[in-house]
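Enquirer: Quick one: this structure, given as structure tokens, is what I'll be asking you about.
The values are calculated or read from the model by the stated rules, or taken from the named source; none is laboratory data. For clarity, every value in this text was computed on a predicted model and none was experimentally measured. Glycine gets a Cβ as well: all are built from the backbone with ideal geometry, and neighbour counts include every protein chain shown.
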Amino acid sequence: MTKKDIVLRITDSTGIKQVDVKKIVQKTFDSIIESLTRNEKVELRNFGVFKIKERRARFGRNPRTGESVPVPPRKVVVFKPGLEMKQKIK
């Protein structure tokens, strides 16, 4: 499913103009991204939680040469589904 599919479903079920729904959906995603860049947890009840997790530095391997390569620490976004989502997906 794409962002456009989400916009079309909301438009069909609410009757709100597609342009307006697209702005709202984009603003929602922008707000989530802004919060994550400030290292804040985003909790959407019955949906799930987005948060930033820091991966530690490690040594990887170059698949072509086989040589050991240092991989620096970095931050990644993780998602933990909410209880309602878990129950519906089973």
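Enquirer: Count, please, the residues in the range 62-76 that happen to be over 24 Å from Ile32 (Cα atoms) and assigned to a loop (DSSP other than H, G, I, E, B).
Expert: Of the residues in that region, 7 qualify.
Enquirer: Right, another one. With Val25, Val42 as the choices, which residue is touching a strand residue (DSSP E or B) at 6+ places or on another chain (Cβ under 9 Å) and at pLDDT 95 or above?
Expert: Only one candidate passes the filter, namely Val42.
Enquirer: Looking at Val77, Val25 in this structure, which one is touching a residue at least 40 places away in the same chain (Cβ under 8 Å) and of a type outside the set (S, T, N, Q)?
Expert: None of the other options fit; the residue is Val77.
Matching residues to (1) exposed (fewer than 12 other Cβ atoms within 10 Å of the Cβ); (2) of a type in the set (Gly, Ala, Ser):
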site: Lys3; (1), (2): yes, no
site: Ser13; (1), (2): yes, yes
site: Lys17; (1), (2): yes, no
site: Leu36; (1), (2): no, no
site: Phe47; (1), (2): no, no
site: Lys51; (1), (2): no, no
site: Arg58; (1), (2): yes, no
site: Pro63; (1), (2): yes, no
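Enquirer: Pick from Phe79, Phe50, Phe59: which is touching a helix residue (DSSP H, G or I) at 6+ places or on another chain (Cβ under 7 Å) and in a strand (DSSP E or B)?
Expert: When all the criteria are applied, what remains is Phe50.
Enquirer: Could you please find all residues in the range 1-33 being in a loop (DSSP other than H, G, I, E, B) and either in contact with a Leu (Cβ under 6 Å, 6 or more places away or on another chain) or hydrophobic (A, V, I, L, M, F, W, C) (or both)?
Expert: Across the range 1-33, the qualifying residues are Met1, Ile16.
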